[in-house]
Structures are given as C-alpha cells and as structure tokens.
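Taking it in order: structure first as structure tokens, then the write-up.
The values are calculated or read from the model by the stated rules, or taken from the named source; none is laboratory data. The structure displayed is predicted, hence computed values, not measured ones. Heads up, the Cβs are rebuilt from the backbone with ideal geometry, glycines too, and the neighbour counts pull from every protein chain shown. Heads up: the accessible areas ignore ligands, DNA and RNA and are worked out on the full protein's heavy atoms, side chains in. Shrake-Rupley method; radii C 1.70, N 1.55, O 1.52, S 1.80 Å.
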Amino acid sequence: MWEMAKQRDSYGKTLAQLGRERDDIVALGADLCGSCKLNDFGKEFPERFFNCGIAEQNLMGISAGLAASGKTVFSSTFAVFATGRAYDQIRQSIAYPNLNVKIVATHAGITVGGDGASHQMLEDIALMRVLPNVDVVAPADYYETGKATIAVSEADGPFYVRLGRSNVPIITEEDDPFEIGVATTLKEGNDVTLIGTGIMVSRCLKAAKILEKQHDIDARVINMSTIKPLDEKTIVKAAKETGGVVTAEEHVVSQGMGSGISQVLSESYHVPMKRVGIPNVFGESGGSEELMDKYGLTTEDIVESTHDVISRR
Amino acid sequence: MPALDENRKRELEEIARRIRIHIVKSTHAAGSGHPGGSLSATDIITALYFEVMNHNPEDKKWGLRDRFVLSKGHAAPALYGALAESGYFPVDELMTLRKLGSRLQGHPDMRKTPGIDVSTGSLGQGVSIACGMALAAKLDRRAYRVFAVCGDGEMQSGQIWEGAMFAAHQKLNHLTVFVDRNNLQIDGATEDVISIEPLVSKWQSFGWHVQEINGHDMEEIVHSIHEAEEVHGRPSVIIAHTTKGKGVPFMEGSLAFHGKAADDEQLKIALEALGGDL
C-alpha cells in the first residue's frame, strides 16, 4: 500500500544538495561512507569530505575541531559505532562545548538484521537524549529524512539523527511541513493515542486501521520525529483528549522515546500507558521482519497494547 | 643565528616565572588542581602565547589567529596564567580558579573562558580536535597554525594515534603537537604504568616530523616551533623533555603534586623558590 524507500538514500541526496547551497558544510565518515550514503557528497565536494577510517573517536574529535572553526559538520557512521564507540568524544568534545556537529547515524535498530547484536544499536536514543545540548531526531520515512537533514543543518548546535538500514514505508507527503520539536498528528482520533517514532510510525497507522475496523476504536496517531526536545504540548493534549497512550519505537523500552513520554505524562497528566519496544535485551541475527516479530515490534503488538491501555482506564 | 636574543629570552623567562607563580597561587587558593603538569608545560605555553602565536586579546575570535588546544586539559592553570598575562581577562580573576561561578573551570571551557579555543579535559582527544582545526584552515585557505600540547601519559590513548595517522594522511603541515614529556602520570612513571617508548620512532613511523628538545629552554622551544613551520607536507611533533613541577623544588619530579595543591606553608616556600610573589 505504501511505497518503500531507504532513509539513508534521502540523507545522501539531501546532503549533496546542501553541499551545493552552502560552502560551510563538510561531511565525514568512518569507512562506512558508502553504506551511509556519503559518496554523492564526496564525489562532488572531495575537498570537503573526509573519510577517517575505522576510527570513530577520531571522527568525533575532528568533527569538533572543524565545528569550532566555523564549519557545519555532518558526521556519519553506523549508530552502534557513532554513539557507543565514541560516546565520551561526543560528550566531551561536541556536547559540552555545544559545537555544530550533526551526527547522522544509519543502521540503527534491530532491522539491521543478519549482522546480529553487535551491529544492532538499540540503546542510542537513550544514550543521546540524556546528553545536555544534544537534540535527537528520528525521521519516519524518506521524505522526513530529507527535511530533517535540512532542518538540522539550519539549527545551531549538536544533533543526533537516527536512521535505519532498510526500506521503510513512505507515509508522509513530499510537501508536508517539518519542524524540529513539533510532533505531527497523522490521524485524528479521540479514544486513545498511538505515538510512534521512526519505522514504527507506519505500524501505528496500520494498528489504528485495525483498531477502527475490528474494534471500533478511534485512535489518534502521532509521529514523534523529534525525540528531544519532546513536543510536550502535543503529548499532554493527546493524553487529555484521548485518556490513554501507547508508544512504539525500534529501541529498548528502557530510556527510549516511550520513557521520555511517560516522564512527561507522569509529571503533567496521568493516563494509562504502554510502551511498545524491545525489552532490555540484545538482539540476534535474523531477517528484519522476523526480528520485528520476535522482539515485539509488530502492528499486532501495538493493537494488544492499546487494548491493555483501554482496559486500565 | 639564535631564535631569540638574550634580552627577549630573559623577558620570556620572566613571563614564565610569573605564570608559575599564578599556577601555584591559583591552585593553592582553589585547594585543588594539577600544579605538577601545569609547571612542566609552562615554558612551552609561554613561548607559544608570547613569542610565536598570532593572536589578539582585543579581538578574541579573530579568524586568522593561531589556534591552541590544551589536550592535557588539567594543565589549565598554566593556560589561564598565559591568557591573563596576555590580557584576555584580569590577572586577579585567576584566584577564582575552580570556584563556583568562576569563568575558570577546572579544565578549559571555550564557552566560559575568554581566549580558550576549545574545551578539553578528557585525555587523548586534543590531537583529533587540532586535526579538525587544521583541516578547516586548509579548507578556508588560511595560513593559521594549530598547536596542541599533550601530556606524555596521553600517548597511551588509542585516539592519539588515530589522530596521528589522520594528520599525516591529510598532510596537515600547519599542525604542531607538543608532548610534555615529564615522565610521570598519576599512577607513577609512564614507563612503569604502560611504557610509551620509543616515542620518537613511534611518531616517525606515523609519518610525522619529530624533534626532541629541552622543554624548559626557551631558545630551544622557539627554535623548534620555527623549524616545524618549515616542514612541508607533514605535521610536526616536538617531544619536549620536561620536569614535572618545574621551578618549585619540592614539586619537581614529585608524583604527589600531580593533582594536589600547595598548602599554606608550602605556598610560602614555593613563592620564595620562584623569586618572590608578584
């Protein structure tokens, strides 16, 4: 029903476009430049493109030095290496001095598939959202990725942008507005709210259809493409108007987007809640869809969680 | 011809003496800090800020200024002394070091302290940052130089060598790194903790131009920086043999004063050794 496309293709295309428009944009990778789709930019602007090799700590340090010298820096590698391997470098050299580095990580989440747990980054939202000065964006699809790339290039300061490896459904329109920190309501509804991020937004939409057709439940669906800062206004309004919230993310439930939303609601407006996500475990090798099934990230998991939330009101 | 005439050499030595006094007094006032490694790096930092580097305290963000990265961020008191003596902020402010609300944090903070080019503190990261700055200079076709001062203990960090490899690959000839080779780190002698020797051949094998100098001889320091400037197509490292705690006899070669300030009595002795308070 939906067309499919890779978020990272949109990133690569948009980054090259930004390169044409702005001289201050530089791009850095760490031997995964092809996978991260940096090569269009690299071919067109070789003097502004640096492959740091398999040295992610150095990648972040060099990014910091370039940003401290006035460059707008896009640094990309797989999410697991970008956040885990180089965490201290991000904290000390980028976040603390509040430097203009955009860490755009690809291959986040369990849909990395066959590479297994070592390459499936399920904790990156947690790691990045806790860092002062760093904002976190997780686009839902191809078009949003391009808009997010432009938006973070225009905003000052460090960002973490989370992209996946696989094809994901295109659920937004090319000319839909996009703003950092603003959640978009993709479907109105007053019985319950489903809040998704990244690849899980399309599953929330599917779940809403099932809930409507089979259970006569009118669910609101929100795309939380900015995980930090959270759009608290939209979250609280939805909680007040629908009386229950289900969150969905391709990430461990501990300290992900759902945790952030539960923190907002626990301080502002209490409603029954359920977080759909991966329990606090490591992944394993398998097909993307098989893994989504096994680790509780299906449309059916969202539907079941919705019933649970409604039953607790 | 010597890099410095006798008069200029004496002037620089006098500035270094003043900075050493600031280090001892400011860490004493703070009740904590790292005097040992600050004193070992003082002459290098003095030569950079007062003889070599293009910078302007009246125009702190001047785009063509030479950049400085204190990779061994715990030597901040030495850098603060040099910045205050240069006029970036009042000398009196040095006594607020490490205190609540001070612009002078325990480790350099580019957002708080005038004149600091980049925040540092977590060891091993400065060479990478300096590489980024040198790359930016190349991109912008600006001729400014980038200097970094590393501790010798930092040579144990893998990231230093990631940066070393990168800088050589990118032929960053505007980059000059000092290794403050005072032989001590917090747990003991570098060669007992994890030996970093042979340091010269390590850097050489990474493609750097290497010099070894006495890091307390102003003439040698300045000469080595000039020599580094003449090197084409590769970055330079200057291994500066120094004494931890240099200038304060009871701190010299002392592990205890790596991360401990002088007490009241020790301050008096230290100031006397440094030729009296300012």
Checklist line | Test: A:LYS43 is in contact with a Lys or Arg (Cβ under 6 Å, 6 or more places away or on another chain) and assigned by TED's automatic domain parsing to the domain that holds A:TYR142 | finding: no
Notebook entry, point to check: Mind checking which residues of region A:260-269 are touching a residue at least 24 places away in the same chain (Cβ under 8 Å) and either within 12 Å of A:ALA238 (Cα to Cα) or surrounded by fewer than 21 Cβ atoms within 10 Å (Cβ to Cβ) (or both)?
Noted result: A:ILE261, A:VAL264, A:LEU265, A:SER268, A:TYR269
Next item on the list: From the list B:ARG145, B:ARG141, pick out the single residue that is among the basic types (Lys, Arg) and surrounded by fewer than 19 Cβ atoms within 10 Å (Cβ to Cβ).
Entry: B:ARG141
Item checked: Top-ranked residue of region B:242-278 - restricted to ones that are farther than 25 Å from B:LEU175 by Cα and of a type in the set (Val, Ile, Thr), ranked as surrounded by the fewest Cβ atoms within 10 Å (Cβ to Cβ) -> B:ILE269
Margin query: Go through region B:101-131 and report how many residues are surrounded by fewer than 24 Cβ atoms within 10 Å (Cβ to Cβ), closer than 19 Å to B:VAL179 by Cα, at the interface with chain A (Cβ under 8 Å from one of its Cβ atoms) and not polar (S, T, N, Q).
Written below: 1
Notebook entry, point to check: Here is a list of conditions, (1) closer than 17 Å to B:PHE166 by Cβ; (2) touching a Leu at 6+ places or on another chain (Cβ under 7 Å); (3) within 14 Å of another protein chain (Cβ to nearest Cβ), and A:SER76 meets all of them except one; can you say which number that is?
Noted result: (3)
Item checked: strands (runs of 3 or more DSSP E) contained in region A:114-203 and holding at least 3 residues buried (at least 22 other Cβ atoms within 10 Å of the Cβ) and among the aliphatic types (A, V, I, L, M) -> A:192-196
Notebook entry, point to check: Can you find even one residue in region B:177-194 that is within 14 Å of chain A (Cβ to nearest Cβ) and open to solvent by less than 10 Å² (accessible area, probe 1.4 Å)?
Noted result: yes
Notebook entry, point to check: In the set B:PHE89, B:PHE68, which member is outside any helix (DSSP H, G or I), away from chain A (no Cβ under 14 Å) and either open to solvent by less than 20 Å² (accessible area, probe 1.4 Å) or free of Cβ contacts under 8 Å to residues at least 24 places away in the same chain (or both)?
Noted result: B:PHE89
Next item on the list: Please work out which one of (1) open to solvent by less than 10 Å² (accessible area, probe 1.4 Å); (2) at positive phi is the condition A:ALA95 fails and give its number.
Entry: (2)
Margin query: Condition first: in contact with a strand residue (DSSP E or B) (Cβ under 8 Å, 6 or more places away or on another chain) and open to solvent by 10 Å² or more (accessible area, probe 1.4 Å). Now tell me which residues in region B:230-241 satisfy that.
Written below: B:VAL231, B:ARG234, B:HIS241
Margin query: Being modelled with pLDDT under 95 and within 26 Å of A:ARG313 (Cβ to Cβ) narrows it down to one residue among A:SER266, A:SER259, A:SER254; which is it?
Written below: A:SER254
Margin query: Checking the conditions here, which among B:PHE257, B:PHE250 is without any contact (Cβ under 8 Å) to a residue 24 or more places away in the chain and part of a helix (DSSP H, G or I)?
Written below: B:PHE250
Item checked: Evaluation of A:LEU297 against (1) touching a helix residue (DSSP H, G or I) at 6+ places or on another chain (Cβ under 8 Å); (2) within 19 Å of A:ILE199 (Cα to Cα); (3) surrounded by fewer than 21 Cβ atoms within 10 Å (Cβ to Cβ) (one fails), failing number -> (3)
Item checked: Sole exception among (1) within 11 Å of chain B (Cβ to nearest Cβ); (2) outside any helix (DSSP H, G or I); (3) buried (at least 21 other Cβ atoms within 10 Å of the Cβ) for A:ALA105, by number -> (1)
Next item on the list: For region A:230-242, name all the residues that are under 11 Å from A:ASN190 (Cα atoms) and touching a strand residue (DSSP E or B) at 6+ places or on another chain (Cβ under 7 Å).
Entry: A:ALA238, A:ALA239, A:THR242
Next item on the list: Mind checking which helices (runs of 4 or more DSSP H) fall wholly inside region A:1-95 and carry at least 3 residues that are in contact with a Ser or Thr (Cβ under 8 Å, 6 or more places away or on another chain)?
Entry: A:7-21, A:56-68
Check: Can you tell me which residue in region B:148-171 is nearest to the other protein chains (Cβ to nearest Cβ), limited to those that are surrounded by 24 or more Cβ atoms within 10 Å (Cβ to Cβ) and in contact with a Lys or Arg (Cβ under 7 Å, 6 or more places away or on another chain)?
Finding: B:CYS150
Check: How about region A:36-66: which of its residues are within 12 Å of A:THR77 (Cβ to Cβ), at the interface with another protein chain (Cβ under 7 Å from one of its Cβ atoms) and not hydrophobic (A, V, I, L, M, F, W, C)?
Finding: A:GLN57, A:ASN58, A:SER63
Item checked: Subset of region A:270-294 [open to solvent by 80 Å² or more (accessible area, probe 1.4 Å) and either among the polar types (S, T, N, Q) or over 24 Å from A:LEU230 (Cβ atoms) (or both)] -> A:ASN280, A:PHE282, A:GLU289, A:GLU290, A:ASP293, A:LYS294
